[in-house]
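Here is the structure we will look at.
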Amino acid sequence: MDLLNAGLDDIRLIGIWGPGGIGKSTLAEVIYCKISTQFDSKSFIRIGFVKETRNDDLVPLQKCLLSNILSDRELSITSVGEEKKILRQRLHHRKVLIILDNVNKKDQLDALVGSRDWFGPGSRIIITSRDKQLLTTHEVNDMYEAKRLDNEKALELFSQKAFNQPHPKRGFEDFCIVEVC
């Protein structure tokens, strides 16, 4: 949350990186739920889950972003270049929150959040990826490395989800041996 600098009017790109299954998407969801009401428009896009996305076709992702931000379901755009132009024209005055989850290619970032001048003051773009270098190349303001939990914290999280308490229920202790690899 500190990396977001929510009260400032600058445009910030924040990267969350780490290995698969570590909780990057969950962290992004929590942040989205916590701060989304502070923005004029918002969009949470899970790369790879957008319908009609095949191969390297970025137009469906761009349409999804614009549709979420502008509430316009009837966009008739056919090329990535045309879409970039519309993104730039329509968003440069809006304070937006955009979360791009599971980004794995530079062209995805270029097509969806190409440049900071596409967005209005106070906008925040959060990008999750396994690839730290991809985030560095796109010049994010700050990065957060999602790390594995130690055994104690992992057991506490598991117990909270499984038993609604911070420790295993009596009689289940032997089944709840957590060893983080």
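The values are calculated or read from the model by the stated rules, or taken from the named source; none is laboratory data. Values in this document were obtained by computation on a predicted structure and should not be read as measured data. Cβ atoms come from the backbone with ideal geometry, glycine included; neighbour counts cover every protein chain shown. Remember, those area values only see protein heavy atoms, side chains included, never the ligands or the DNA or RNA. Shrake-Rupley method; radii C 1.70, N 1.55, O 1.52, S 1.80 Å.
Against the criterion of solvent-accessible heavy-atom surface with a 1.4 angstrom probe, Trp118, Trp17 sort, most first, into Trp17, Trp118.
Normalised by the residues of the chain, what does the relative contact order come to in percent, with Cα pairs under 8 Å and at least six apart? It rounds to 32 percent for the chain.
To the nearest ten degrees, helix 80-91 and the longest principal axis of the Cα atoms of the chain are 80 degrees apart.
Per residue, segment 1-40 exposes 54 Å² of solvent-accessible protein surface, assessed with a 1.4 angstrom probe and all protein chains in place.
Taking a ≥ b ≥ c as the square roots of the eigenvalues of the alpha-carbon gyration tensor, segment 77-181 is classed prolate because a/c is 1.5 or more and a/b outweighs b/c.
Carbon-plus-sulfur accessible fraction, segment 1-154 (probe radius 1.4 Å, protein heavy atoms only): 46%. Relative to the longest principal axis of the Cα atoms of the chain, the long axis of helix 24-35 makes an angle of roughly 70 degrees. Checking every one of the chymotrypsin sites (Phe, Trp or Tyr not before Pro) in segment 128-181 against DSSP loop status and a limit of 12 other Cβ atoms within 10 Å picks out Phe172.
Looking at the chain, which longest stretch skips every one of the GluC sites (Glu not before Pro) that is in a DSSP loop with at most 12 other Cβ atoms within 10 Å, leaving the sites themselves out? Longest stretch, sites excluded: 75-138.
Measuring nothing but how far apart in sequence close Cα pairs (under 8 Å, 6+ apart) lie, relative to its length, segment 77-181 scores a relative contact order of 23 percent.
Residues in segment 112-155 average 53 Å² of solvent-accessible surface per residue, probe 1.4 Å, ligands and nucleic acids excluded. Per residue of the chain, the DSSP helices (runs of n ≥ 4 H) give a summed -39500 (n - 2.57) that works out to -10500 deg cm²/dmol at 222 nm.
Extending 7 Å from the Cα toward the beta-carbon at both Met1 and Asn141 defines two label points whose distance is 1.7 nm.
Considering only His138, His167, His92, the mean-square fluctuation computed in a Gaussian network model of the chain, springs between alpha carbons under 10 angstrom, is largest for His167. Students often get this wrong, so check it: of Lys85/Lys105; Lys24/Lys169; Lys63/Lys147; Lys42/Lys105, which have C-alpha atoms separated by over 25 Å? Result: Lys24/Lys169; Lys63/Lys147 exceed 25 Å. All Cα-Cα distances of the chain, cut into 10 Å bins from zero to the largest, leave 9, 34, 30, 15, 9, 2, 0 percent in each bin in turn.
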